[in-house]
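Peer 1: Quick one: the structure is below, and I'll ask about it shortly.
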Amino acid sequence: MALEMLVGLNVTDDNSYQNYRNEMTPILEEFGGGFGYDFKVSEVLKSQTEASINRVFTIYFSSEDSMNEFFTNEEYLKIKKRHFEASVSDTTIIATYER
């Protein structure tokens, strides 16, 4: 069963966030994952969270196990700490569904 998530972020530093994406994508692909859609948004008309959102994307995985292994991978966590934490102030998981 392949899984996909619809995610909203508030990216506060585009350059650092792009470095995060560049470094984590090869690891994501090793775990059978990838990005489907990716949008920069300028206006949110309706939201079910107080968190700000200026970036929306889909991320998919070949299975729930591969998703869990990716998000706990030691190298991924180092990249996340180095780039993601400094460049994103809010994360909202909008939906998770079978692909």
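Peer 1: Can you tell me which residues in the stretch 14-39 are free of Cβ contacts under 8 Å to residues at least 60 places away in the same chain, of a type outside the set (A, V, I, L, M) and closer than 20 Å to Ile94 by Cβ?
Peer 2: Arg21, Gly33, Gly34, Phe35, Gly36, Tyr37, Asp38, Phe39
Peer 1: Can you name the strands (runs of 3 or more DSSP E) wholly within the stretch 20-99 that have at least 2 residues being exposed (fewer than 13 other Cβ atoms within 10 Å of the Cβ)?
Peer 2: So the answer is 34-40, 88-98.
Peer 1: With (1) over 25 Å from Arg99 (Cα atoms); (2) within 13 Å of the chain's Cα centre (by Cα); (3) not polar (S, T, N, Q) as the list, and Phe71 as the residue in question, which single condition is left unmet?
Peer 2: If we test Phe71 against (1) over 25 Å from Arg99 (Cα atoms); (2) within 13 Å of the chain's Cα centre (by Cα); (3) not polar (S, T, N, Q), just (1) comes out false.
Peer 1: Can you name every residue in the stretch 1-18 that is part of a helix (DSSP H, G or I), over 13 Å from the mean Cα position of the chain (by Cα) and not charged (D, E, K, R)? Please lay out each step first, then the result.
Peer 2: Taking the stretch 1-18 first, the residues part of a helix (DSSP H, G or I) are 14-18.
With the extra rule that they be over 13 Å from the mean Cα position of the chain (by Cα), the set shrinks to 14-16.
Matches in the stretch 1-18: Asn15, Ser16.
Any read-out appearing in this document is the output of simple, stated calculations on the displayed coordinates, not a laboratory observation. Not measured: the values here are computed from a predicted model. Don't worry about glycine lacking a Cβ; one is built from the backbone with ideal geometry, like all the others, and counts go over all protein chains shown.
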